[in-house]
Amino acid sequence: MMVRSALLNVMMGAARKAARSLVRDYGEIENLQVSRKGPSDFVSSADLKVEKTLRQELKKARPAYGFLMEEGGEIAGDDKSNRWIVDPIDGTTNFLHGIPNFCISIALEREGELIAGVVYQPLGDEMFHAEKGAGAFLNERRLRVSARRKLEDSVLATGIPFHGRDGHEPFLRELGVMMKNVAGIRRFGSAALDLAYVAAGRCDGYWEAGIKPWDIAAGIVLVREAGGYVTDYEGGNKLLETGEIVAGNDHLHQPLLRLIKSAHA
Ligand code: LIP
């Protein structure tokens, strides 16, 4: 019987509670209030409702912790060492289009280090969770990254910049290099689920630039606790600062980094 820590129980409990309104709203997306945050970038009343529930549940359990939330921004806590990093709906554009690939993402950062992550895909009831030193799991099943050794056998996930976003040219150069070397590339539309799929061995790697801390924080813990590697484009650990991320298993991470470097050489 797998024993979960009190911390993970708090995070998974909050995600499950917030998912109730999310699944209900998904069934009535045409009735949702939606506003534009920027070009092709939307927030709906569903995002705000989920974020409010997550904040209430996490605050009830850990009153002094701070927050960094996609909609609410930075909210300082009395305890400066602990910060929740929260994306109420990762894959909002999918959600608003009725594409069933979105999730709730919650991470805990302690003393500047990501130590726990939960990514909950409510429609499939897939609860991905991990805590530093305790491994990564999908519901009750322990996760390991894939064992594929060759790029030509690998399937990668990525994010594609869109209208109003920077980075179109650099991305097209990266895509051009990757296409020549791998077995497949997927654009699922949720960075948090892309990383969860790497942790689960469904994808062999993932890369993206221009990504936000709340999109990737929980997924980073999942991949590392499943035996994978996650760095910025320089091979370092400035992922949340740079918004550049490369994830893969121990055979493919370095070759992926080299390909990205070659695309910008
Ligand atoms: C999305 C990410 C995705 C990225 C999109 C967007 P959101 O997050 O999950 O990987 O390509 O541009 O940032 O906006 O759905 O929380």
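From the list Lys49, Lys37, the lone residue that is farther than 21 Å from Phe128 by Cβ, assigned to a helix (DSSP H, G or I) and free of Cβ contacts under 8 Å to residues at least 40 places away in the same chain is Lys49.
Where strands (runs of 3 or more DSSP E) fall wholly inside the stretch 161-265, the ranges with 3 or more residues that are within 20 Å of the chain's Cα centre (by Cα) are 205-208, 229-231, 245-248. Residues that are open to solvent by less than 40 Å² (accessible area, probe 1.4 Å) and among the aliphatic types (A, V, I, L, M) within the stretch 115-139 comprise Ile115, Ala116, Val118, Val119, Met127, Ala130, Ala136, Leu138, listed in sequence order.
Listed here are the residues, each with its yes/no results for (1) in contact with a Leu (Cβ under 7 Å, 6 or more places away or on another chain); (2) closer than 19 Å to Ala116 by Cα; (3) modelled with pLDDT under 95; (4) open to solvent by less than 10 Å² (accessible area, probe 1.4 Å).
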{"site": "Gly164", "(1), (2), (3), (4)": "no, no, yes, no"}
{"site": "Gly167", "(1), (2), (3), (4)": "no, no, no, no"}
{"site": "Gly176", "(1), (2), (3), (4)": "no, no, no, no"}
{"site": "Gly189", "(1), (2), (3), (4)": "no, no, no, no"}
{"site": "Gly219", "(1), (2), (3), (4)": "yes, yes, no, yes"}
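This table checks each residue for (1) in contact with a Phe, Trp or Tyr (Cβ under 9 Å, 6 or more places away or on another chain); (2) in contact (Cβ under 8 Å) with a residue 40 or more places away in the chain; (3) assigned to a strand (DSSP E or B).
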residue	(1), (2), (3)
Arg55	yes, no, no
Leu58	yes, yes, no
Leu68	yes, yes, yes
Glu74	yes, no, yes
Gly77	yes, no, no
Asn82	yes, no, yes
Thr93	yes, yes, no
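The values are calculated or read from the model by the stated rules, or taken from the named source; none is laboratory data. Since we're looking at a predicted model, the values are computed, not measured. Ideal geometry is used to build each Cβ from the backbone, glycine not excepted, and the neighbour counts take in all protein chains shown. In case anyone asks, the SASA skips ligands and DNA or RNA and just uses the protein heavy atoms, side chains included. Shrake-Rupley method; radii C 1.70, N 1.55, O 1.52, S 1.80 Å.
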